[in-house]
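**Q** Sharing a structure here in structure tokens format.
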Amino acid sequence: MTDESPLHALFDPRSVAVVGASDNPAKWGYWLAKGALSGRDRRAVHLVNQRGGALDGVPFRPRLTGLPEAPEHVVVAVPAPFVRPVVAEGLAAGARCFTVITSGSGTADERALAELVTGGGARLLGPNCMGLVDTTTQLRLSWGELPVGSVGLVSQSGNLALEIGRLLARAGQGFSRFVSLGNQRDIDAADALESLVAHEPTRVIAAYVEDFRDGRRLARALAAAHAAGKPVLLLTVGRSPASTGAAASHTGALVSPYATVAAVCREAGALLLESAGELVDTALCLLSTAAPHPVSTAAPHPVSTAGSQRPSGIASRGGAESFRVAVVGDSGGQGALAADAFAVRGLAVPELSARTTQEVAAVLPPGAGCRNPVDLAGAGEADLGSYARVARALLLGGDADAVVLTGYFGDYASANPAQSARECEVADELADAAGESGRALVVHTMARDTPALAVLRRRGIPVYERIEQAATALSGIARLTRPSMDPAPTRRATSPVSDGSYETVRDLLCAYGLTFPAARFVTTADEAVDAAHLVAYPLVLKAMGLAHKTEAGGVALGLADADALRAAFLRMRAATGARRFAVEAMATPPYAHELIVGVRRDPAFGPVAMVGLGGVTAELLADTALALAPLTAARARALLTELRHAPLLTGWRGAPPVHLEAAAAALCAVARAAAEHPELAELEINPLLVHPGGAVALDAHGVLA
């Protein structure tokens, strides 16, 4: 990182002061001071504790004022009442960055602290954070030891970071940089992610975020990371439906915060995962490379210095469903189970070409399984080199994007130490074959820590103890897609919407180009009959002011004459208590399907557009696709084709396809209307009737912010 970076003082300061330093290993101040002192070869380190004392021969100074030089980075680990005075003293001494470990000062005090820091021209990490580590600049300002490697981690949970660190260390990997966000009163997840995009030693970025703050900026940071060849693996919370239980519309129920984050990840080219273990497994696979590479002897664990680009087979194909895996097992059962594990995650386990099958058969004994999965049938026990020869044939054959070795390899030396050297040689041959092919090689083994596995890890070959780990990692990588963030331009509307009624929202959306059936709005049965002469029978009667009209008895369809209309009106008024009604033309185009189109304003990400299978079964089917609003026509059309039931729209069982361009235009119109009217928290059409001739909106609803 260069001096031009606005966060240079955070990650590579010329001097550090730890306020609250201690010589007691039971206290945070000890670990912060100890870690800071480990970088004395690179920067000046000052330890501050008004009670005096020393650590490793470095005396504690009583105050920040009077230091030999201005501390660029001040770490604060003192009781909450003393944080603000320490920060004020640090600003006066010329500090440019503060990391505040302390918690418990309250929201108002934290905001005031951030205003004090930023008002003084400095930056604040925290409060209530675990600090930070940059293994490339010898900066260790956190609790405990964190392994060295190529993963940059941004986390709002300190313990989760420790768990990820331990899992990485067991696999021979670690951190290039770790940033504990804490309460994000100034430096937030987007800041930290942007810094990692520019951080050359970081190859894969991992993040745990609960509070997304400026979600649009964070989405841009995710897309920038993808563009830089640094995949982002994201963890968050919110999969429980409890948070959407009180939604005011179908859209509110279907567009949950978690679903929004998932949509943003898809648009930005990031990968949303479910656990620390899944994150680490996927990171290991991303860090693997086909080419041999050196190992840093300075690192406490064997570390791959592989680039972050996915192996060529992964990068060149079009998603999980077209990603091909070849399986090699020394047990028919393990090979078959492995094939199933990949298949159920959407990966292809294809038949091998005749040429590749012949090459595999040439190195295996008669009776061995030469199809996919390949069964060595004892060939490994007779000659360990058969593992490498078969893997090479599959890697170079062109029939697969990744080869997975499953079973016993790596454990031969455990039973027979005399085989250790040969097993290590074969491990190197496996890595050489992967390097030559440019494709991914993944190893699943029943062993744990053996010399051969150490060779594989050192060479950047991911090693897993369970086959489902390998399957999940590869399927995750296959789901990584190019960013599709292409927001359409927007403007602020001059006339705000006054209410969310059907009548008002209908007028709004008509102004944006939506088509509705002819309608008149009435209050009495006589007015309804008069309106029917203008609308024409058969028609629909709707009660106004109801969020879910059908369930409340507020919709009557196919009314053929005045008597039917009067009877429906009286029934509906008695059942719903409504005071205003719509008399609307029936729309019954052939081969039509109902969609729901809506926008929900997310506190972090702003307006989020949703399209799905609609009508009364919208929430039951929950077949939806989401994207940040507003939308371009191309993105809107892509959302329609992403639906599980998209074949219904494109011509199912010989039916003519619906007018996808008209449907996409309607989605764009709703998205733009919501984006340009921030007074609306939710905006919805349900149903939008799409058919071969176009699209017509049959009902609409809005919720004011």
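The values are calculated or read from the model by the stated rules, or taken from the named source; none is laboratory data. Predicted, not measured: the structure shown is a model, and the values here were computed from it. No Cβ is skipped: glycine too gets one built from the backbone with ideal geometry, and neighbour counts run over all protein chains shown.
Let's see how each residue does on (1) surrounded by fewer than 18 Cβ atoms within 10 Å (Cβ to Cβ); (2) closer than 20 Å to Thr550 by Cβ; (3) among the small types (Gly, Ala, Ser):
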| residue | (1), (2), (3) |
| --- | --- |
| Leu570 | yes, yes, no |
| Ala574 | yes, yes, yes |
| Arg579 | yes, yes, no |
| Val583 | no, yes, no |
| Arg601 | no, no, no |
| Asp623 | no, yes, no |
| Ala634 | yes, no, yes |
| Pro647 | yes, no, no |
| Leu660 | yes, no, no |
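**Q** Continuing with this model, one more query. Only helices (runs of 4 or more DSSP H) wholly contained in the stretch 576-669 count here; list those with 3 or more residues that are under 30 Å from Glu503 (Cβ atoms).
**A** The qualifying helices (runs of 4 or more DSSP H) are 618-621, 633-642.
**Q** Kindly establish whether Val426 is under 18 Å from Gly277 (Cα atoms), crowded, with 23+ Cβ neighbours inside 10 Å, free of Cβ contacts under 8 Å to residues at least 60 places away in the same chain and in contact with a Phe, Trp or Tyr (Cβ under 9 Å, 6 or more places away or on another chain).
**A** Taking the combined requirement at face value, the residue does not satisfy it.
**Q** While we're on this one: For the stretch 604-621, enumerate the residues that are surrounded by fewer than 20 Cβ atoms within 10 Å (Cβ to Cβ) and either in contact with a Cys (Cβ under 9 Å, 6 or more places away or on another chain) or free of Cβ contacts under 8 Å to residues at least 24 places away in the same chain (or both).
**A** Thr617, Leu620, listed by residue number.
**Q** Looking at the structure I just gave you, is Glu684 in contact with a Pro (Cβ under 8 Å, 6 or more places away or on another chain) and either free of Cβ contacts under 8 Å to residues at least 12 places away in the same chain or acidic (Asp, Glu) (or both)?
**A** It is false that Glu684 is in contact with a Pro (Cβ under 8 Å, 6 or more places away or on another chain) and either free of Cβ contacts under 8 Å to residues at least 12 places away in the same chain or acidic (Asp, Glu) (or both).
**Q** Right, here's the next one. In the list Leu430, Leu441, which residue meets the criterion of being over 30 Å from Ala638 (Cα atoms), in contact with a Ser or Thr (Cβ under 9 Å, 6 or more places away or on another chain) and at pLDDT 95 or above?
**A** Leu441
**Q** Are any of the residues in the stretch 462-474 in the same structural domain as Ala354 (by TED's automatic domain parsing) and over 17 Å from Phe342 (Cα atoms)?
**A** No, the conditions are met nowhere in the stretch 462-474.
**Q** A further question on this structure: Which of the residues that make up the stretch 35-59 are part of a helix (DSSP H, G or I) and crowded, with 19+ Cβ neighbours inside 10 Å?
**A** If the condition is that a residue be part of a helix (DSSP H, G or I) and crowded, with 19+ Cβ neighbours inside 10 Å, then Gly35, Ala36 are the ones that fit.
**Q** I'm trying to understand the selection: among the residues of the stretch 206-217, which are free of Cβ contacts under 8 Å to residues at least 60 places away in the same chain and touching a helix residue (DSSP H, G or I) at 6+ places or on another chain (Cβ under 9 Å)?
**A** Scanning the stretch 206-217 gives Ala207, Tyr208, Val209, Arg217.
**Q** Considering only the stretch 97-119, state which residues are at pLDDT below 95 and not in a helix (DSSP H, G or I).
**A** Hits for the stretch 97-119 are Thr102, Ser103, Gly104, Ser105, Gly106.
**Q** While we're here: If you go through the stretch 267-284, how many residues are under 23 Å from Ile164 (Cβ atoms) and assigned to a helix (DSSP H, G or I)?
**A** Residues in the stretch 267-284 being under 23 Å from Ile164 (Cβ atoms) and assigned to a helix (DSSP H, G or I): 10 in total.
**Q** Still on this model: Residue check: is Ala161 in contact (Cβ under 8 Å) with a residue 12 or more places away in the chain and surrounded by fewer than 24 Cβ atoms within 10 Å (Cβ to Cβ)?
**A** No, not satisfied.
**Q** So, one more: Give the residues of the stretch 373-398 that are part of a loop (DSSP other than H, G, I, E, B) and closer than 11 Å to Gly332 by Cα, sorted by residue number.
**A** Pro373, Leu376, Ala377, Gly378, listed by residue number.
**Q** Looking only at the stretch 358-372, which residues are under 10 Å from Val328 (Cα atoms) and in a loop (DSSP other than H, G, I, E, B)?
**A** If the condition is that a residue be under 10 Å from Val328 (Cα atoms) and in a loop (DSSP other than H, G, I, E, B), then Cys370, Arg371, Asn372 are the ones that fit.
**Q** I've got another one for you. Count, please, the residues in the stretch 8-27 that happen to be touching a helix residue (DSSP H, G or I) at 6+ places or on another chain (Cβ under 7 Å) and either part of a loop (DSSP other than H, G, I, E, B) or at pLDDT below 95 (or both).
**A** Counting residues in the stretch 8-27 that are touching a helix residue (DSSP H, G or I) at 6+ places or on another chain (Cβ under 7 Å) and either part of a loop (DSSP other than H, G, I, E, B) or at pLDDT below 95 (or both) gives 5.
**Q** Quick one: is Glu551 surrounded by fewer than 20 Cβ atoms within 10 Å (Cβ to Cβ), touching a residue at least 24 places away in the same chain (Cβ under 8 Å) and at negative phi?
**A** Yes, satisfied.
**Q** Next question, about the same structure. Which of the residues belonging to the stretch 622-663 are farther than 28 Å from Arg491 by Cα and in contact (Cβ under 8 Å) with a residue 60 or more places away in the chain?
**A** Ala622, Ala655, Pro656, Val658, listed by residue number.
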